[in-house]
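The values are calculated or read from the model by the stated rules, or taken from the named source; none is laboratory data. As the structure is a computational prediction, the values presented were derived from the model and not from experiment. Please note: Cβ atoms are built from the backbone with ideal geometry, for glycine as well, and neighbour counts cover all protein chains shown. Heads up: the accessible areas ignore ligands, DNA and RNA and are worked out on the full protein's heavy atoms, side chains in. Shrake-Rupley method; radii C 1.70, N 1.55, O 1.52, S 1.80 Å.
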Amino acid sequence: MSERPYSHWLMKSEPDTFSIDDLRQRKREPWDGVRNYQARNFMRDGMRKGDKVFFYHSNCAEPGIAGIAEVASEAYPDPSQFDPKSKYFDSASSRDKPRWMLVDVKYVRKLKRVITLDELKNQPALADMALVRKGNRLSVMPVDAQDWNFILALE
DNA sequence: GCCAACGTTGGC
DNA sequence: GCCAACGTTGGC
């Protein structure tokens, strides 16, 4: 029995566009618009239904982890890549050979408080976490189970 | 296959 | 709004 390397994830969203409160209202949402190959590969190859996700607010006044979500589907083609009116339209992609994949994500809960990026950066135990390393712009990344538990204990 | 130019992310 | 970091594109 081989074990997958990761079953916990972190996904970034700009709260002005789509926040944890938006997800709470909608309950479930296709995570569209990812246009980075590494992030796509994590969704396509790494994620399974039921995996837990930190919902991270980026590019905002208080960047940090705002809530928990869950992977709610296997990966499938991101419909926005086929829509010429979408800002995520990709003319180089086709329905035969779709370039971009996504998963559905469902709401689990908000954290009692936002665990800020600043706070995470100040935890020596998290020094190796991808999120806090300089210059990391990945919007979908794996989280060690150990780091996951450590972060939740900060709540 | 190299790498300069360009675009995007995201903290600040 | 600035700009560092980094990914992508395309000329050669």
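Side notes on the structure shown:
- Crossing angle, helix A:145-154 versus chain A [Cα axis fit, 0-90 degrees, rounded to tens]: 60 degrees
- Of interest is the spacing of the C-alpha centroids, which for the range A:123-155 and the range A:93-114 amounts to 19 Å.
- For A:Asn149, net neighbour charge (Lys/Arg +1, Asp/Glu -1) across residues whose Cβ lies under 14 Å away: -2
- Rh (Kirkwood; distinct C-alpha pairs) - chain A, Å: 16.0 Å
- Greater than 24 Å apart at Cα, pairs in A:Lys12/A:Lys97; A:Lys52/A:Lys110; A:Lys27/A:Lys134; A:Lys12/A:Lys49; A:Lys27/A:Lys110; A:Lys27/A:Lys112: A:Lys12/A:Lys97; A:Lys27/A:Lys134
- Heavy atoms of the protein chains alone define the surface here; on that basis chain A has 57 Å² accessible area per residue at 1.4 Å probe size.
- Compared with the alpha-carbon gap, the fully stretched path from A:Asp45 to A:Lys85 is longer by 11.6 nm at 0.36 nm per residue.
- Spacing of the two label points (7 Å from each Cα toward its C-beta) at A:Leu154 and A:Arg35, in nm: 3.1 nm
- FRET efficiency, 1/(1 + (r/R0)^6) with R0 35 Å, evaluated for A:Lys134 and A:Asp22 via beta carbons: 0.75
- Each DSSP beta bridge with both residues in chain A is either parallel or antiparallel, and the antiparallel ones are about 80%.
- For chain A, the fraction of 1.4 Å probe accessible surface lying on carbon and sulfur atoms is 46 percent.
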